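Q: Please see the structure below; I have some questions.
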Amino acid sequence: MLTCLAVIASGIALRQIDRCWFARGRPRAASTRELIALQRARANDWTPALLLAGQWVQITGWWLLAGHGPLAAAAAAVGVAIQFRHLQEISHFAIHGVLARSARVNRVLAEVLVHLPLGLVPVAVRRRRHVRDHHPNATLAADPNLAELREAGLVPGASRVRFALALLFPLAPRGIRATVTGIAANLGRSPGRAAAVAVVLATAFLIGGPAALVCGVLVPRLLLYPLLAWGSLIVEHTWFDPEARTGSPAWVEAGRCMRLYAHRRLLAALAVLVWLPYGDLYHYAHSSHTSVRWNYLPALERHLGAPHFTPPALLWGPGSVVRRHWAALAPRPAVEAAPPRRPVRAA
């Protein structure tokens, strides 16, 4: 057990090298120009590689832990799912070209250490969908992310049951089928993509046995990680009732982005550790200036201010994310037509 925890701690320590490197000289608040200048001065290709290596070292520790009984296996499933979610978000910044210094290293790190082992689409495909199709069209009909939400059942007039099921779509039969079908399609693109996933499965089994295979790969990849990623998608934008604006990118994005837990530091810190890592909590700042690395998004957010919606809660309360989405999609009561007037006869 101590060995497992030591491996996990080693992975965490390895990740901090990148964090400390980019923290040097970072201001509390600054403009995009200042932050990008600092970012370029700190840019390199070695700390991002150590960052991703640290994530996989942590995953290895969870695989070792999985075989120590049911509670350890359950903890490993959650722990690995969180690491998969972190890997996804790190590769997101590689897609934008700001993880490493060179474009080639960004592409290679994202493909080899994230997309291939997790059975995701090729980096070029994700870049096209995310950078070209999503960012300029967020919350609009052309946005592929909005299409995903609607396919899951988040549509105008949805019943309460359909709305609730859509919020948990990755755990529903349709959602699980979509996840499995998507992975199968990605693996079918080339033998190398299938081989990469096979290596992950075999390595987990060799390290932690059947428990690591099931709770350290299959359950996280097919159920828990998709749920975390789905929750992140839901809190990125006011998808169904954005404010249409024209003007600067920051002003436009402020009308269609949200900032969860803006005034609740403990919940914000927990979200960053679990399901909104590496700048995903600061989606407004990211959407306003996609060329800024996650290390500098808090400083950029303080410079920009808040978007139009800063919910204090995710699920409950009048100002929660779920309550707003429901209000935007809820069936509208039918307006009864007034009875026709009888013609007045002349006396």
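The values are calculated or read from the model by the stated rules, or taken from the named source; none is laboratory data. This one's a predicted model, so the numbers in the text were calculated from it and none came from an experiment. Neighbour counts are summed over all protein chains in view; Cβ atoms, including those assigned to glycine, are modelled from backbone coordinates with ideal geometry.
Q: Output the residues belonging to the range 84-98 that are closer than 18 Å to Val57 by Cβ, of a type outside the set (Asp, Glu) and touching a residue at least 40 places away in the same chain (Cβ under 8 Å). Step through it out loud before you land on a result.
A: Within the range 84-98, the subset closer than 18 Å to Val57 by Cβ is 84-91.
Those left that are additionally of a type outside the set (Asp, Glu): 84-88, 90-91.
Within the range 84-98, Phe84, Arg85, His86, Gln88, Ile90 qualify.
Q: On to the next question. Please go through the range 47-81 and give me each residue that is closer than 16 Å to Leu213 by Cβ and either touching a Ser or Thr at 6+ places or on another chain (Cβ under 6 Å) or of a type in the set (Ser, Thr, Tyr) (or both), ordered by number.
A: The one that is closer than 16 Å to Leu213 by Cβ and either touching a Ser or Thr at 6+ places or on another chain (Cβ under 6 Å) or of a type in the set (Ser, Thr, Tyr) (or both): Thr60.
Q: Taking Ala141 and the conditions (1) in contact (Cβ under 8 Å) with a residue 12 or more places away in the chain; (2) out of contact with any helix residue (DSSP H, G or I) (no Cβ under 8 Å at 6 or more places or on another chain); (3) in a loop (DSSP other than H, G, I, E, B), which numbered condition does it fall short on, given that it satisfies the others?
A: That leaves (1) as the condition not met.
Q: In this structure, does Arg24 turn out to be charged (D, E, K, R), modelled with pLDDT under 95, touching a helix residue (DSSP H, G or I) at 6+ places or on another chain (Cβ under 9 Å) and closer than 21 Å to Phe93 by Cα? Lay out the reasoning, then the answer.
A: On the way: charged (D, E, K, R): yes; modelled with pLDDT under 95: yes; touching a helix residue (DSSP H, G or I) at 6+ places or on another chain (Cβ under 9 Å): yes; closer than 21 Å to Phe93 by Cα: yes.
Here the answer is yes, as Arg24 does meet what is asked.
Q: Yes or no: Val321 of a type in the set (Val, Ile, Thr), surrounded by 16 or more Cβ atoms within 10 Å (Cβ to Cβ) and farther than 19 Å from Phe240 by Cβ? Walk me through how you get there before you give the answer.
A: Working: of a type in the set (Val, Ile, Thr): yes; surrounded by 16 or more Cβ atoms within 10 Å (Cβ to Cβ): yes; farther than 19 Å from Phe240 by Cβ: no.
No; evaluated as a whole, the condition is false for this residue.
Q: Limited to the range 206-239, what total is found for residues that are of a type in the set (A, V, I, L, M) and under 30 Å from Leu140 (Cβ atoms)? Spell out how you get there, then give the answer.
A: Just the residues of the range 206-239 that are of a type in the set (A, V, I, L, M), to begin with: 206-207, 211-214, 217-219, 222-224, 227-229, 233-235.
Then drop every residue that is not under 30 Å from Leu140 (Cβ atoms), which leaves 227-229, 233-235.
Within the range 206-239, residues that are of a type in the set (A, V, I, L, M) and under 30 Å from Leu140 (Cβ atoms) number 6.
Q: Could you say whether any residue in the range 45-63 is in a helix (DSSP H, G or I), in contact with a Cys (Cβ under 8 Å, 6 or more places away or on another chain) and surrounded by 20 or more Cβ atoms within 10 Å (Cβ to Cβ)? Even if it seems obvious, please write down each step before you answer.
A: From the range 45-63, those in a helix (DSSP H, G or I) are 46-63; that's our starting set.
Checking the rest, the ones that are also in contact with a Cys (Cβ under 8 Å, 6 or more places away or on another chain) come to 61-62.
Now narrow it down to the ones that are surrounded by 20 or more Cβ atoms within 10 Å (Cβ to Cβ): 61-62.
Yes, that holds for at least one residue.
Q: What's the total number of residues in the range 19-41 that are out of contact with any Gly (no Cβ under 8 Å at 6 or more places or on another chain), assigned to a helix (DSSP H, G or I) and surrounded by 15 or more Cβ atoms within 10 Å (Cβ to Cβ)?
A: Residues flagged as out of contact with any Gly (no Cβ under 8 Å at 6 or more places or on another chain), assigned to a helix (DSSP H, G or I) and surrounded by 15 or more Cβ atoms within 10 Å (Cβ to Cβ) within the range 19-41 amount to 7.
Q: Then there's this: May I ask you to say which residue of Gly69, Gly11 is surrounded by 17 or more Cβ atoms within 10 Å (Cβ to Cβ) and within 27 Å of Val217 (Cβ to Cβ)?
A: Details: Gly69 fails: surrounded by 17 or more Cβ atoms within 10 Å (Cβ to Cβ).
Gly11 is the lone residue from the list that is surrounded by 17 or more Cβ atoms within 10 Å (Cβ to Cβ) and within 27 Å of Val217 (Cβ to Cβ).
For every residue, the table says whether it meets (1) under 20 Å from Val292 (Cβ atoms); (2) of a type in the set (A, V, I, L, M).
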site	(1), (2)
Gly61	no, no
Ala76	no, yes
Gln88	yes, no
Ala100	yes, yes
His134	yes, no
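Q: Could you say whether any residue in the range 259-267 is more than 14 Å from Phe84 (Cα to Cα), crowded, with 22+ Cβ neighbours inside 10 Å and not charged (D, E, K, R)?
A: Yes - at least one qualifying residue is present in the range 259-267.
Q: Which of the helices (runs of 4 or more DSSP H) found entirely inside the range 144-223 contain at least 3 residues meeting this: surrounded by 14 or more Cβ atoms within 10 Å (Cβ to Cβ), touching a residue at least 60 places away in the same chain (Cβ under 8 Å) and out of contact with any Ser or Thr (no Cβ under 7 Å at 6 or more places or on another chain)?
A: Details: elements: 144-151, 160-167, 173-187, 191-213.
So the answer is 144-151, 173-187, 191-213.
Q: Still on this structure: Checking His134 against (1) of a type outside the set (Phe, Trp, Tyr); (2) touching a helix residue (DSSP H, G or I) at 6+ places or on another chain (Cβ under 6 Å); (3) assigned to a loop (DSSP other than H, G, I, E, B); (4) closer than 20 Å to Gly182 by Cβ: exactly one of these is not met. Which one?
A: So the condition that His134 fails would be (3).
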